[in-house]
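Colleague: Take a look at this one; I'll ask things after.
The values are calculated or read from the model by the stated rules, or taken from the named source; none is laboratory data. On a predicted model such as this, the values are computed, not experimentally measured, just so you know. We place every Cβ from the backbone using ideal geometry, glycine too, and count neighbours over all the protein chains shown.
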Amino acid sequence: MRITGNIGGRGHIEVCWTLVLLYAVFVLFGIVNIYSATYSVDSPQWFDLGNYAGKQILYAGVGVIIITVVMLLDVNSYEKWAWILYVLAMILLMGLPIFGHEVKGNKAWYKLGFFSLQPSEIAKVATALALSAYLARYKVSMKKLSHLIIAVCIIALPMILTGIQDTGSGMVFLSFFIVLYMAGASGVYYAVGISVALTFITDVFIQHYQLSHWWVFALVGALGLVVCVYRLFKKKKIWGILCYVAIVLIMYSIIHFYVWNGVFKEYQRQRILTSLKLVEDNKGVGFNTYQSEIAIGSGGLWGKGFLDGSQTKGNFVPEQHTDFIFSTLGEEWGYVGTSLTVILFSVFLCMIVWLAFRQRTYFARYYALCVFSVFLFHFMINIAMTIGLMPVIGIPMPFFSYGGSSLWSFTVLLFILITLDAHRKDFLPEINIGARR
């Protein structure tokens, strides 16, 4: 990272107050909804640490301290210490099977007195910094396969270590692959990835309806043959198409004969079948989603009002203060409230992209894209879970869902970006605006 003589100087600070304001709105509105989702007439106080809203207020207060520390640190330290933080995060993840505290079958937390620390949240920040630091290195290019493999390994290591204990949290790291594409990785890899995902969904239908897997081989082979004939007619090479067809069929074979029955647990298979509407299990694994859909739908246009949600007050939706906080928002604030939330968060995401493309250094730009990808993944998947478009995989809604670890990690992710942006004029330009490596 090339900088001016005013190293880490404070003379050109330009804080993006729009992002700071949106952050404050989201956190405050999240506390309001957590209070409503867990309201008890026996403990109605907002600041009672015996209820979830009181704890979230405490976590938000600690968040202010974290913001202060993040913004006062030398702006150069984030790239400088990225790898050390990454290694520490990996050590914490590797220690979970031995020292982790088990919650609902997952050893994804360390128990620290009254507080539980989730290392996967630290790993998200560490991976964003480490990946950005690597992509920002001189002569690193995603056009080179060796460089791409290293970048993929940086993402894959925490994804695997986290996924061993918590599949949903592990899937969050998939969001970083968006950054690799923005850094110049070939779209062919993503075409293969999308094909594998579609192949997996196809296999779910095939296994559910007990159809022959040879239909997939026949269909993919026939399509590949048609494309090859067309390219030969145009006097173009067909080796790429043949390799693509081979990769898709190999991945399908792995999915069909191993992944579905060998990797996924029974409850995970049922969640996938339920989300694809192949199985109706409103009293089993589909209970949470079913109750969430009822709560959101019952809110109507304007909602039932604060503390007046019957589904929320009746505790029909499990985990409503964490993964299903959006159902409280939908029931009590209605279509207007949910739409306004989606619009504001969309503005929030657009602001992050805008910040990304006005950065002067590769590290700051790639870090901003990492932040954008993580927030986009969390927001979209969480809402998709609550309205039945995705299986329930335990992805919290940024700033809204209850939890100290998640709130702090989102806070650190965002305010490192705000700090880097505030000091962007302290750096000599490494990139031309709009250029892509």
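Colleague: Against the condition at pLDDT below 80, aromatic (Phe, Trp, Tyr) and farther than 30 Å from residue 407 by Cβ, how does residue 239 come out, does it pass?
Modeller: no
Colleague: At pLDDT 90 or above and more than 18 Å from the chain's Cα centre (by Cα): which single residue out of 122, 91 fits that description?
Modeller: Checking each option against the conditions leaves just 91.
Colleague: Can I ask one more? Hey, any hits in the range 127-141 for a residue that's touching a helix residue (DSSP H, G or I) at 6+ places or on another chain (Cβ under 9 Å), of a type in the set (A, V, I, L, M, F, W, C) and modelled with pLDDT under 80?
Modeller: No, the conditions are met nowhere in the range 127-141.
Colleague: While we're looking at this one, here's another question. Taking the residues in the range 284-302 that are surrounded by fewer than 23 Cβ atoms within 10 Å (Cβ to Cβ) and hydrophobic (A, V, I, L, M, F, W, C) as candidates, determine which candidate is modelled with the lowest pLDDT.
Modeller: Only one residue fits best here, namely 285.
Colleague: Residues in the range 388-397: is at least one at positive phi and either in contact with a helix residue (DSSP H, G or I) (Cβ under 8 Å, 6 or more places away or on another chain) or modelled with pLDDT of 95 or more (or both)?
Modeller: The answer is yes, given that some residue of the range 388-397 is at positive phi and either in contact with a helix residue (DSSP H, G or I) (Cβ under 8 Å, 6 or more places away or on another chain) or modelled with pLDDT of 95 or more (or both).
Colleague: Kindly evaluate residue 30 against the criterion of being of a type outside the set (S, T, N, Q), surrounded by fewer than 16 Cβ atoms within 10 Å (Cβ to Cβ) and either touching a Phe, Trp or Tyr at 6+ places or on another chain (Cβ under 9 Å) or not in a helix (DSSP H, G or I) (or both).
Modeller: Against the criterion (of a type outside the set (S, T, N, Q), surrounded by fewer than 16 Cβ atoms within 10 Å (Cβ to Cβ) and either touching a Phe, Trp or Tyr at 6+ places or on another chain (Cβ under 9 Å) or not in a helix (DSSP H, G or I) (or both)), residue 30 does not qualify.
Colleague: Also, quick follow-up: Cβ-Cβ below 9 Å, separation at least six or inter-chain, first residue in the range 113-140 and in a loop (DSSP other than H, G, I, E, B), second among the polar types (S, T, N, Q): which pairs?
Modeller: 118/169; 118/405; 118/406; 118/409; 136/361
Colleague: Go over the candidates 80, 111, 124 one by one and state the one that is among the charged types (D, E, K, R), farther than 18 Å from residue 404 by Cα and either surrounded by fewer than 17 Cβ atoms within 10 Å (Cβ to Cβ) or touching a helix residue (DSSP H, G or I) at 6+ places or on another chain (Cβ under 8 Å) (or both).
Modeller: 80
Colleague: Within the group 245, 229, 216, 220, which residue is outside the structural domain of residue 366 (by TED's automatic domain parsing), surrounded by fewer than 13 Cβ atoms within 10 Å (Cβ to Cβ) and over 29 Å from the mean Cα position of the chain (by Cα)? Spell out the reasoning first.
Modeller: Numbers: 245 fails: surrounded by fewer than 13 Cβ atoms within 10 Å (Cβ to Cβ); 216 fails: surrounded by fewer than 13 Cβ atoms within 10 Å (Cβ to Cβ); 220 fails: surrounded by fewer than 13 Cβ atoms within 10 Å (Cβ to Cβ).
Of 245, 229, 216, 220, the one residue that is outside the structural domain of residue 366 (by TED's automatic domain parsing), surrounded by fewer than 13 Cβ atoms within 10 Å (Cβ to Cβ) and over 29 Å from the mean Cα position of the chain (by Cα) is 229.
Colleague: Taking the condition of being over 16 Å from residue 400 (Cα atoms) and either at pLDDT 90 or above or in a helix (DSSP H, G or I) (or both), how many residues in the range 41-61 meet it?
Modeller: 0
Colleague: Also, I was wondering about something else. Filter the range 128-160 for residues that are surrounded by fewer than 19 Cβ atoms within 10 Å (Cβ to Cβ) and of a type in the set (Gly, Ala, Ser) and give the result.
Modeller: Result: 141, 146, 156.
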